[in-house]
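Here the structure comes first, spelled out in structure tokens, and everything after it is commentary.
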Amino acid sequence: MVKRFYEETSGDRSKRVNEYLNNQCRNKKHNLLIIGTGLIGREHIRVASLLGAAKIHGIYDSNENSMDLAEEELQKFSNEKLIRYNSIKSAYQDPAVDAILICTPNYTHHQIFLEVAKSGKPIFVEKPMATSLKDGAEILRLSSKHPAFIQVGMQYRYKAQYVDAFHEVKVLKSLGNIKTISMSEYRPPFLDKVEQWNKFNEFSGGTFVEKCCHYFDLINLLADGQPKDVFASGGQAVNFLNFAHEGRKSDIDDHGFAIINYRNGIRANFTLNMFANEFYEELVITGEKGRLVASEKASADKKRQTKASIMVEVEGHQHYEGSKIGYPPSIEKSGHHGATFFEHEALISQLQQKEVDAATPRQGLMAMLVASAAQRSISENNVVSIAEHAERNGIKEILNQ
Ligand SMILES: NC(=O)c1ccc[n+]([C@@H]2O[C@H](COP(=O)([O-])OP(=O)(O)OC[C@H]3O[C@@H](n4cnc5c(N)ncnc54)[C@H](O)[C@@H]3O)[C@@H](O)[C@H]2O)c1
């Protein structure tokens with residue numbers, strides 16, 4: 001039976017992992033290959049080093065500086081040597097590699113996936129799995145024939161506040177049947193990237209696909225039904241208005257609102273704003289019995305602490321007034337407030353043949369489907385039917401599975 005990611009609370013996870021990390025006899029059984037050692041590739045190096053169940057066996061990046069930075073990152077934790085491959089082929093064909101992590105820019109995922117899938121090895125592909133539904137669907141179709149497992153890097157499900165919100169809603173059923181889901185993210189503009197791929201719709205898939213697929217995944221999982229239609233409004237108001245790279249002008253949205261209706265009657269909305277000073281995420285769920293608010297406030301300024309909390313407004317509930325939650329500091333600091341650490345733990349568990357609830361290619365594609373319908377709605381200023389959107393993009397059969 002698949003172990004649902006919200007079976008344990010964030011407190012249970014912290015306790016279990018603290019015990020594990022205090023046990024010094026760790027055994028690095030698995031050899032990982034990281035393709036793309038930019039910001040998130042290095043975060044995977046950090047969490048792998050912290051958990052200590054896998055070795056960073058080798059890296060490949062088309063940029064030498066990124067490989068230098070990855071080696072430096074590893075040296076902070078270990079004096080082990082890694083292999084620097086000079087081509088993707090030599091990397092994935094190395095028989096010593098046990099699993100492959102694709103951490104390159106969004107527009108490269110599909111091609112690199114097709115290439116490394118020839119190895120038949122377990123693959124972890126960062127989110128979004130592709131920049132078009134057609135390419136994402138090809139990855140999903142291939143995944144059913146692939147001899148090993150495939151995970152998609154949508155780790156926000158492991159953030160402490162979402163683990164606990166899901167636990168309340170799905171395990172304890174604190175709200176009764178849920179009716180509305182409201183998700184929002186306020187944050188500063190997109191960061192610098194190697195070759196600035198995230199400033200262009202063509203390379204990122206568009207802001208709602210690139211960034212917000214995390215939130216559409218969470219909303220889909222909570223609603224636990226098929227999305228029916230999406231209406232969205234958004235645009236580029238403040239960020240990168242005068243930004244150009246190699247003569248090309250940035251064209252990405254920096255704010256937007258989306259409303260999603262699900263076939264089971266659940267209504268959801270999503271708000272994005274990327275010209276805020278600080279990071280703030282909030283999930284509000286209402287059900288027959290009351291309201292739940294899960295939030296996280298974070299800052300690029302290391303002096304300001306991350307604060308995650310949960311509030312469950314149901315008579316007599318222990319979190320009625322709101323409670324602070326979180327993971328141990330060493331885990332939170334390793335990246336995405338501990339979410340990437342638990343994502344990595346799920347990767348290792350699946351390598352050890354355990355059943356896990358990591359994001360699947362189907363969930364990755366469903367999040368992309370809602371996100372791309374929202375982007376289409378913005379450009380057409382119209383309600384987009386999910387069935388019609390899926391059919392137009394040649395993935396109707398996947399929606400009906
Ligand atoms: N899960 C998350 O929360 C999260 C967070 C950040 C980024 N991401 C995703 O991770 C991926 C990488 O993002 P990033 O922030 O690390 O970007 P980045 O620009 O910092 O790093 C990307 C790296 O890939 C390398 N690269 C580009 N094309 C390549 C190719 N064909 N072969 C080998 N290497 C290549 C670049 O040289 C660079 O070093 C993106 O898909 C992004 O959406 C996920």
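Okay, here's what the table says:
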quantity	calculated
Theoretical ellipticity at 222 nm over the chain - DSSP helices of four or more residues, -39500 (n - 2.57) apiece, nearest 500	-10000 deg cm²/dmol
Per residue accessible area of the chain, 1.4 Å probe, in Å²	43
Whole-percent carbon and sulfur share, accessible surface of the chain, 1.4 Å	49
Longest exposed-site-free window of the chain, the sites being GluC sites (Glu not before Pro) in a DSSP loop that have at most 15 other C-beta atoms within 10 Å	81-245
Added length on full extension, which subtracts the Cα-Cα distance from 0.36 nm per residue, N382 to S78	104.1 nm
Spin-label pair N27/E71, simplified geometry with 7 Å Cα→Cβ offset, distance in nm	3.1
Cleavage-rule hits (trypsin sites (Lys or Arg not before Pro)) in segment 61-106: DSSP loop, at most 14 neighbouring Cβ within 10 angstrom	K76, K81
Residues of segment 97-120 with amide N under 20 Å of a point placed 7 Å along Cα→Cβ from E195	101-117
Across K179/K228; K173/K228; K29/K302, pairs whose alpha-carbon gap is larger than 26 Å	K29/K302
Inter-probe distance in nm under a simple model that places probes 7 Å from Cα toward Cβ, at E282 and F243	2.6
Ranked by how many other beta carbons lie within 10 Å on average, peptides 186-192, 226-232, 301-307 from highest	226-232, 186-192, 301-307
Between segment 31-55 and segment 282-348, the alpha-carbon center distance in angstrom	24
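The values are calculated or read from the model by the stated rules, or taken from the named source; none is laboratory data. Here the structure is a predicted model, which is why all the values come from computation and not from measurement. No Cβ is skipped: glycine too gets one built from the backbone with ideal geometry, and neighbour counts run over all protein chains shown. Accessible surface areas use protein heavy atoms only, side chains included; no ligands, DNA or RNA. Shrake-Rupley method; radii C 1.70, N 1.55, O 1.52, S 1.80 Å.
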